[in-house]
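Notes follow the structure.
Any read-out appearing in this document is the output of simple, stated calculations on the displayed coordinates, not a laboratory observation. Computed from a predicted structure; not experimentally measured. We place every Cβ from the backbone using ideal geometry, glycine too, and count neighbours over all the protein chains shown.
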């Protein structure tokens with residue numbers, strides 16, 4: 001199906017993903033059967049696991065790079081992008097990425113070594129009163145840039161933001177982009193080319209930096225998210241241990257060596273804490289947030305979400321961040337881990353539960369990695 005023919009179907013489908021619907025957790029299929037074809041979906045509200053057989057049969061080796069408005073954005077085995085709705089089975093092939101957006105390496109090498117690293121996140125954006133749709137991606141490394149594909153153009157183009165980007169969301173029919181320096185850009189896609197209409201550069205970026213006395217850089221790393229919550233813009237700082245011992249305590253990489261030999265112990269990265277800040281547009285600062293009553297956030301490779309727990313009725317705890325593993329740089333370094341770093345974090349108490357503790361999920365490697373999706 002051609003993209004220009006398919007996008008009206010996307011536009012008509014997007015409004016039917018209500019914000020009072022709880023997020024579902026997409027998981028690998030059962031080990032007893034062909035897990036490459038099937039997927040399990042954990043409904044948090046019902047605490048029930050559903051299975052859809054053969055749903056991924058058209059995408060046997062696909063890599064998910066985004067989940068937005070009920071759609072998954074996938075890269076197939078040749079690194080070609082697709083939109084896929086696992087509940088309706090709707091599939092739309094997007095234009096291939098042009099050479100100017102990809103690293104200057106042979107195509108075979110790109111597919112083998114770059115396919116799972118090239119796109120950090122992808123989201124869908126509605127413009128022109130929901131008559132047109134845009135796919136926006138964070139791509140590349142050092143710096144991570146923005147590219148977009150509009151239905152009428154049927155091709156990909158660099159947005160030209162000139163920053164190193166950490167996260168993107170669609171809000172009020174506009175693109176909000178969080179940079180690695182803590183600023184927020186707002187892009188309007190109603191013009192051609194898209195224009196940057198606002199750029200918030202909050203002062204005192206040190207307020208969003210991790211306390212290095214508690215989280216030294218040799219043992220900890222961070223990842224940033226941008227979340228719209230009840231009309232506020234939130235900056236979420238995810239802190240994770242680079243290496244942990246068997247008890248989950250952060251240790252130096254040098255401590256991973258046996259005394260008998262030089263083989264490293266299997267101690268994968270693991271999330272330790274979340275820090276949340278709200279944008280004060282009047283003072284132009286990020287203000288620390290200690291509590292988010294009646295809100296549950298869902299973070300990971302998906303379109304970052306904040307939902308009302310009162311609207312969800314049950315199953316999701318207030319003041320809680322539900323997270324999945326999106327550490328793409330380290331996820332495929334070892335066959336024993338990757339996809340494992342998921343769980344929930346209570347913002348008020350600081351209590352963190354791993355996937356094994358809160359959802360009875362495996363604490364080892366999960367391939368493909370779990371993703372949040374709103375059906």
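Name the shape class, rounded, prolate or oblate, that the alpha-carbon gyration tensor gives for the stretch 90-239, where a ≥ b ≥ c are the square roots of its eigenvalues, rounded holds for a/c under 1.5, and otherwise prolate holds if a/b is larger than b/c and oblate otherwise.
oblate
Highest mean packing first, where packing is the average number of other Cβ atoms within 10 Å per residue, the peptides 182-188, 284-290 line up as 182-188, 284-290. Per-peptide packing, taken as the mean over residues of other Cβ atoms within 10 Å, places 69-81, 162-174, 240-252 in the sequence 69-81, 162-174, 240-252 from highest down.
With contacts taken as Cα pairs under 8 Å at a separation of at least 6 residues, the stretch 282-352 carries a relative contact order of 29 percent. Highest mean packing first, where packing is the average number of other Cβ atoms within 10 Å per residue, the peptides 48-61, 138-151, 218-231 line up as 138-151, 218-231, 48-61.
Inter-label distance, residue 107 to residue 48: 4.7 nm, where each label sits 7 Å from its Cα along the C-beta direction.
Extension gain for residue 230 to residue 30 (0.36 nm times residue separation, less C-alpha to C-alpha distance): 68.3 nm. Annotation: extensible slack from residue 213 through residue 247 equals 10.1 nm (criterion: 0.36 nm per residue apart, minus Cα-Cα distance). Of all DSSP beta bridges confined to the stretch 89-157, the antiparallel ones make up roughly 100%. What FRET efficiency do you get for residue 329 and residue 172 if R0 is 25 Å and r is their Cβ-Cβ distance, rounded to the nearest 0.05? For R0 = 25 Å, the calculated efficiency reads 0.20.
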